[in-house]
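Single-structure report; data block below.
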Amino acid sequence: MSITSLRDIERLEETPLEARDLPASTYALLARSAQRHPHAPALSFILQGHAEEQPYRLTYAELFARVTQTANAFHRLGLRPGRAVSFLLPNLPHTHFTLWGGEAAGIVNAINPLLEAEHIAELIRAAGSDLLVTIGPFPGSDLWDKVAQLRHQFPELKAIIAVDMANLLPEPMIEVIKAQRGPWPEGVLDFDELIAQCPADHLESGRVIQPDDIASYFHTGGTTGTPKLAPHSHRNEVTMAFVLALAADFAEGDTTLCGLPLFHVNGVMVTGLAPFYQGAEVLLATPQGYRNPTLIQNFWSLIERHRVTFFSGVPTIYAALLQVPSDGHDLSSLRYALCGAAPMPVELIRQFEHKTGLTLIEGYGLTEGTCGTSANPAGGERRPGSIGLRMPYCEVKIAILDDHGRYQRKADVNEIGHLCIRGATVFEGYLQVEKNRDIWVDGDWFDTGDLARMDADGYLWLTGRSKDLIIRGGHNIDPQMIEEAMHLHPEVALAAAVGKPDRHAGELPVVYVQRVAGAQVDEAALLAHATAHIAERAAVPKDVWLVDSLPLTAVGKTFKPALREDAIRRVLHGELQTLVPALRIEVVPDARNGQMVLIHTGSLAEPERLAVIDALRGFALKYELRHS
């Protein structure tokens with residue numbers, strides 16, 4: 001049934017989740033789909049992003065066979081339940097084989113290949129990895145170089161398995177590329193050769209997977225500092241696939257385009273396991289996904305050719321697609337697109353829908369909830385700016401906490417508080433026990449750290465991230481208010497507001513702006529625009545700073561910690577540059593203080609050093625002076 005209101009969700013929940021015929025594991029889910037839809041297309045892949053490309057395609061029977069072979073290969077190499085296989089892969093068919101085959105044999109640890117080598121090493125070690133899957137040497141990719149740099153740090157790895165991407169090229173190119181890249185790395189197993197030796201019709205381990213067995217680890221916590229590993233059980237992932245399939249109204253015959261990375265829950269669940277649950281087709285749109293400029297330029301042609309019914313993105317993707325003409329393309333197959341991972345400016349929604357005629361659905365989710373928590377109903381009223389209704393079997397509560405983070409009460413209608421979640425899709429805590437302090441409130445409710453309100457009809461409205469609030473002299477300023485105003489300007493592509501340090505107010509609002517291609521508007525004009533369109537005087541930014549591009553996380557949402565660090569550097573540089581001729585400022589993670597400002601001054605005489613300390617007086621920053 002198509003969900004139109006909160007009442008529909010409550011009606012679905014009249015059947016307890018335990019009474020639903022859900023598979024016990026992700027492997028059982030794929031087995032059932034292969035039995036029900038053996039000849040239906042399950043997974044298609046295009047390498048370059050051109051509409052005329054002939055895709056690599058697998059039916060459900062073929063996909064399940066590859067997953068089974070991969071599970072058996074991992075088992076033969078020593079992977080056991082409770083132990084992990086880590087992967088560093090772009091979006092390839094082999095990534096799906098590794099995901100679901102790894103979960104059938106043990107635990108999959110998904111790692112962002114864009115991380116620096118030391119962070120990758122930390123995640124491999126934290127997961128207790130016995131195997132590592134990556135790609136072999138390939139022109140244009142530095143991923144193998146990262147792995148080669150790390151190999152000596154992990155003598156405990158039972159094997160390193162690499163996908164030979166040359167085999168995905170058209171026939172005439174395969175030998176050319178193999179000749180260019182040189183010999184295959186010594187001691188590294190070839191993925192395709194390895195699984196070809198394994199049976200495709202049963203698990204050699206004989207394992208009977210239980211719903212509460214851990215299936216995967218997904219890391220969260222941004223791109224700097226110590227990432228946190230969130231374990232997901234098979235129950236978490238199967239329930240999430242079922243819930244997303246209900247919310248998105250997936251059906252056999254649908255085609256979902258996957259452009260988000262497969263080390264992140266959105267790509268894996270929304271455009272992966274959920275369509276697999278219903279027997280729909282997943283189109284993997286190039287190894288780089290949305291990071292591939294060719295894909296973006298040919299996006300509407302690909303939608304037309306492959307009759308795509310659904311895709312998922314983040315605000316930055318929709319801002320980029322606004323610059324790509326859609327006129328003249330048959331987009332009638334598209335029912336809607338989903339925007340998640342970050343709040344979508346209302347003006348950006350309006351512009352996108354006006355230009356494409358496409359319905360844009362806003363949703364919300366997070367790694368700790370396995371993926372999705374809420375969405376505007378596909379068949380009901382959409383409220384622009386809202387993250388919609390909670391999804392079936394996903395409990396949501398807005399909680400009022402005291403100044404020490406202790407639970408006081410449930411929020412009233414439209415009262416802002418902490419968005420908390422619980423249910424069968426919510427994890428049971430981070431793998432690193434020390435990360436679990438203060439994450440639960442009122443018993444077993446997970447505090448997402450997001451601030452939100454719930455209206456009388458059950459629609460949820462994000463009002464900010466508790467850590468993203470700009471606190472000006474004790475006055476809380478929602479950065480989204482500033483960003484919405486800036487997006488009203490026709491020459492603004494993206495805007496992100498943060499606080500800059502101030503010795504009197506603590507923080508003052510500033511906004512970073514990425515202009516649309518070819519725009520000439522300057523900072524003064526944008527500041528005047530902000531003043532005219534932001535009703536709350538305290539929220540009018542003190543500065544507008546133009547940037548070529550905003551820093552993004554691996555899934556394409558604005559990475560505000562990098563902007564806050566940049567704001568600190570700008571302010572302190574302005575304060576100190578006349579005192580210190582060779583000034584260099586770093587902002588680094590700090591376990592005790594959250595962050596530390598390292599001020600490299602070179603050699604200073606005592607009077608100059610004291611002048612620097614005096615200039616920093618009043619700033620609520622932890623800092624160290626370094627004579628380097």
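The values are calculated or read from the model by the stated rules, or taken from the named source; none is laboratory data. In this text the structure is predicted, and so the values were computed from the model without any measurement. Counting neighbours? That spans all protein chains shown, and the Cβs are built from the backbone with ideal geometry, glycine included.
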Being under 15 Å from Ala245 (Cβ atoms) and either in a helix (DSSP H, G or I) or touching an Asp or Glu at 6+ places or on another chain (Cβ under 9 Å) (or both) is the filter here, so list the residues in segment 9-35 that pass it.
Ile9, Leu12, Leu17, Thr26, Leu29, Leu30, Arg32, Ser33
Kindly indicate whether Arg76 is among the basic types (Lys, Arg), surrounded by fewer than 20 Cβ atoms within 10 Å (Cβ to Cβ), touching a Cys at 6+ places or on another chain (Cβ under 8 Å) and at pLDDT 95 or above.
yes
From the set of residues in segment 414-472 that are out of contact with any strand residue (DSSP E or B) (no Cβ under 6 Å at 6 or more places or on another chain), within 28 Å of Lys542 (Cβ to Cβ) and surrounded by fewer than 17 Cβ atoms within 10 Å (Cβ to Cβ), which is modelled with the lowest pLDDT?
Lys467
Pairs under 8 Å by beta carbon, first residue assigned to a strand (DSSP E or B) in segment 49-78, partner of a type in the set (Gly, Ala, Ser) and at pLDDT 95 or above, six or more apart or different chains?
Tyr56/Ser44; Arg57/Ser44; Leu58/Ala42; Leu58/Ser44; Thr59/Ala40; Thr59/Ala42
Does Ala525 count as at pLDDT 95 or above, surrounded by fewer than 16 Cβ atoms within 10 Å (Cβ to Cβ) and over 24 Å from Ile471 (Cα atoms)?
yes
Segment 315-332, subset at pLDDT 85 or above and either under 16 Å from Cys258 (Cα atoms) or among the aliphatic types (A, V, I, L, M) (or both), residue surrounded by the most Cβ atoms within 10 Å (Cβ to Cβ):
Ile317
Subset of segment 246-258 that is at pLDDT 95 or above and not polar (S, T, N, Q) - its residue that is nearest to Thr309 (Cα to Cα):
Asp254
Flag if Pro185 is over 19 Å from Ala73 (Cβ atoms), modelled with pLDDT under 95 and over 24 Å from the mean Cα position of the chain (by Cα):
no
Condition check: among the aliphatic types (A, V, I, L, M) and buried (at least 16 other Cβ atoms within 10 Å of the Cβ). Does Ile161 satisfy that?
yes
Does segment 232-254 contain any residue that is crowded, with 23+ Cβ neighbours inside 10 Å, under 16 Å from the mean Cα position of the chain (by Cα), closer than 30 Å to Gln595 by Cα and in contact (Cβ under 8 Å) with a residue 60 or more places away in the chain?
yes
Just one of the numbered conditions (1) at pLDDT 95 or above; (2) surrounded by fewer than 23 Cβ atoms within 10 Å (Cβ to Cβ); (3) out of contact with any Ser or Thr (no Cβ under 6 Å at 6 or more places or on another chain) is not true of Ile209; which one?
(3)
Show the residue pairs that are 6+ apart or on different chains and have beta-carbon atoms under 8 Å apart, the first residue being within segment 481-510 and assigned by TED's automatic domain parsing to the domain that holds Leu621, the second being of a type in the set (S, T, N, Q).
none
Might you let me know whether segment 558-566 holds any residue that is assigned by TED's automatic domain parsing to the domain that holds Ala496, more than 30 Å from His600 (Cβ to Cβ) and either modelled with pLDDT of 90 or more or surrounded by 16 or more Cβ atoms within 10 Å (Cβ to Cβ) (or both)?
no
Hits in segment 25-57 - residues which are crowded, with 22+ Cβ neighbours inside 10 Å, more than 26 Å from the chain's Cα centre (by Cα) and hydrophobic (A, V, I, L, M, F, W, C):
Ala34
Criterion first (assigned to a strand (DSSP E or B), in contact (Cβ under 8 Å) with a residue 60 or more places away in the chain and among the aromatic types (Phe, Trp, Tyr)) does Tyr364 satisfy it?
yes
Being buried (at least 23 other Cβ atoms within 10 Å of the Cβ) and either assigned by TED's automatic domain parsing to the domain that holds Ile303 or not β-branched (Val, Ile, Thr) (or both) narrows it down to one residue among Ala117, Ala126, Ala104; which is it?
Ala104
From the list Ala200, Ala248, Ala230, exactly one residue is farther than 28 Å from Ala375 by Cα and either small (Gly, Ala, Ser) or not assigned by TED's automatic domain parsing to the domain that holds Glu103 (or both). Which is it?
Ala200
Flagged in segment 275-307 as among the charged types (D, E, K, R) and either surrounded by fewer than 20 Cβ atoms within 10 Å (Cβ to Cβ) or within 20 Å of the chain's Cα centre (by Cα) (or both), in numbering order, are Arg291, Glu304, Arg305, Arg307
Subset of segment 537-552 [surrounded by 15 or more Cβ atoms within 10 Å (Cβ to Cβ) and at pLDDT below 90]
Ala539, Leu552
If only one of Ile534, Ile599, Ile585 is surrounded by 16 or more Cβ atoms within 10 Å (Cβ to Cβ) and in contact with a Lys or Arg (Cβ under 6 Å, 6 or more places away or on another chain), which one is it?
Ile585
Being farther than 24 Å from Ala247 by Cβ, in a strand (DSSP E or B) and touching a residue at least 24 places away in the same chain (Cβ under 8 Å), is that true of even one residue in segment 373-391?
no
Residues that are aliphatic (A, V, I, L, M), within 26 Å of the chain's Cα centre (by Cα) and surrounded by fewer than 20 Cβ atoms within 10 Å (Cβ to Cβ), drawn from segment 494-520:
Val516, Ala517
